[in-house]
Amino acid sequence: MARKSNTNLVLSLILIGLLAMAAGLKFFGSNPYETGESVKAAQSMFSDFKSESVARLSIKGPKDATADLELKDGRWIVASDNGYHADKSQVEQALKALQEMKQGKVVSSNDASFAQYDLEGENSIHVGAYDSSGKSLADVTIGKTSADFQSTFIRAPGGSDVRKVSDSVRDDFDKSGTYQTWRDKTILDAGSEDEVESITVVGPKTTLALKKERVMGPKEDKPDSTASGDPTASGETTHPTTGEGTDPTAKSEPEMEVKETHWNLEAPSQGRAKKWQVDSMARAMAKLTCDSFYTGTKSSKELGLDPPVYQITAILKKSEGEKKVTLWMGEKEEDKYPVKLPDQDTIWLVASYRGDSFTKPPEELLDTPPKEEGAEAQEGESDPDADAAEQLSAPPSPDSSSSEGSEGEGGESSDDASETTSDQETPPSGDKDGSGGAPDGDQGGKKDGSVP
């Protein structure tokens, strides 16, 4: 009986422990927002939505921010902002967010909680997508981002369910920041900075002329391919028509490649320019984006754009020919430069670090190379060490060796020759093989005349 009581006690303690563990997991492991039940969280919010079918996007909020984006002639424009070109990548990201949006998990079904999740009021964002006929393809209200920045709260129109989706989609539609906009910020998109061949800057004090120079050299040989069985590696070649062999020693022009690229300042002074600094200029003239758009009241003349304080021109070498791009830049104000293109009215603002490189004086662009050791002596002066080295390394001339290397008709050796052939007798005049006058039949130690 006592044994049965002990068994019951142990089982009771185990049950109490399991219940305590379950309660702890529920209390510490739960998310305060996840108070509703999960319903089809992985299913698409808009099952029939296709990005390519959208012709208009309407984004309202937060606060007074409003954007109407329309697809016109194959390009997205901001219809609510004078029809300026829209940033294609931002529009595509917004459409992708709608297409991939899931239903998520219901965390509340209480209308009174909408404000808590920023699903109503000035902080909410309402998004609508429509096709070319005006048919609604997507309609959703986007609220705030979760505390871990990994999820977003959304609500379908007319519904009371607050859903939590596992994506930070609010950033894809919220453009209410100071420098955020749906407008395309591209100023120049002419190509690659490697294609820029020259840059000219006409400034208020001087004109800078910079030109790229490429130093060519023979292309490095590939590793020896004789081990791989390449028939041409041995030097044997065959004529493509006759099939006859050609001379393997025939020289061909080496293939050339670019060994070094640098920039030269050609005006107002001349010299090697700082590569990193001119590369920055070339990068801006190839692809340039703005920080923001000018919305002030000053005229182009007051901003230094008509006429421009700086007129910058770059020549790019393209496969189809040369391309010329020109940018006008005004005076810097509040760490930004106003810029515009000659054929457009839009005024952009670029960061000071982008514009400063075009305002450098020539002396700051020059890259004075260090003085090489052993530089040539000044005209009229001689370098004793260099003269001595030249005398030692220079081979004797034929004239001097023939005149100084013999004395009289006897053909006696020169002093140098006598030193190298000491203790050796000069062969008699009839001994042309230089055998040293050895008796006949004993030439070099062998009777047949062969050399041992």
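The values are calculated or read from the model by the stated rules, or taken from the named source; none is laboratory data. Only a predicted model underlies this, so the values are computations on that prediction, with no experimental measurement involved. Using ideal geometry, Cβ is built from the backbone for each residue, glycine included, and neighbour counts are taken over all protein chains shown.
What to note about this one:
- Subset of segment 316-372 (residues that are among the basic types (Lys, Arg) and either more than 23 Å from the chain's Cα centre (by Cα) or outside the structural domain of Ser192 (by TED's automatic domain parsing) (or both)): Lys332, Lys336, Lys340, Lys360, Lys371
- Taken as a whole, the structure leaves Asp68 outside the set of residues that are in a loop (DSSP other than H, G, I, E, B), within 25 Å of Ser176 (Cβ to Cβ), at pLDDT 90 or above and within 41 Å of the chain's Cα centre (by Cα).
- Taking each residue of segment 126-145 that is free of Cβ contacts under 8 Å to residues at least 40 places away in the same chain and looking for partners that are aromatic (Phe, Trp, Tyr) with beta-carbon atoms closer than 7 Å, six or more apart or interchain, yields Ser136/Tyr130; Ile142/Phe173; Gly143/Tyr117; Gly143/Phe153; Lys144/Tyr117; Lys144/Phe153.
- Count of segment 117-158 residues which are farther than 17 Å from Met101 by Cβ and among the aliphatic types (A, V, I, L, M): 1
- Scanning segment 282-314 for residues that are crowded, with 19+ Cβ neighbours inside 10 Å and under 16 Å from Pro342 (Cβ atoms) gives Met285, Leu288, Leu303, Gly304, Leu305, Pro308, Tyr310, Ile312, Ala314.
- Among the conditions (1) free of Cβ contacts under 8 Å to residues at least 40 places away in the same chain; (2) in contact with an Asp or Glu (Cβ under 9 Å, 6 or more places away or on another chain), the only one that Asp171 does not satisfy is (2).
- Segment 81-113, residues that are in a helix (DSSP H, G or I) and farther than 20 Å from Gly158 by Cβ: Lys88, Ser89, Gln90, Val91, Glu92, Gln93, Ala94, Leu95, Lys96, Ala97, Gln99, Glu100
- Residue pairs meeting the criteria (Cβ under 6 Å; at least 6 apart or on separate chains; first more than 15 Å from Glu197 (Cα to Cα), in segment 257-276; second in a loop (DSSP other than H, G, I, E, B) and at pLDDT 95 or above): Pro268/Thr206
- Selection of segment 315-335 for residues being over 12 Å from Ala190 (Cβ atoms) and surrounded by 14 or more Cβ atoms within 10 Å (Cβ to Cβ) yields Trp328, Met329, Gly330, Glu331, Lys332, Glu333.
- Selection over segment 199-211 of residues that are of a type outside the set (A, V, I, L, M) and surrounded by 19 or more Cβ atoms within 10 Å (Cβ to Cβ) gives a count of 0.
- Hits in segment 61-78 (condition: surrounded by fewer than 17 Cβ atoms within 10 Å (Cβ to Cβ) and out of contact with any helix residue (DSSP H, G or I) (no Cβ under 9 Å at 6 or more places or on another chain)): Lys63, Asp64, Thr66, Asp68, Lys72, Asp73, Gly74
- Residue satisfying all of: in segment 252-277; in contact with a helix residue (DSSP H, G or I) (Cβ under 7 Å, 6 or more places away or on another chain) and outside any loop (DSSP other than H, G, I, E, B); nearest to Gly217 (Cα to Cα) among these: His262
- No other residue among Ser132, Ser160, Ser176, Ser166 is modelled with pLDDT of 95 or more, surrounded by fewer than 17 Cβ atoms within 10 Å (Cβ to Cβ) and among the small types (Gly, Ala, Ser) apart from Ser132.
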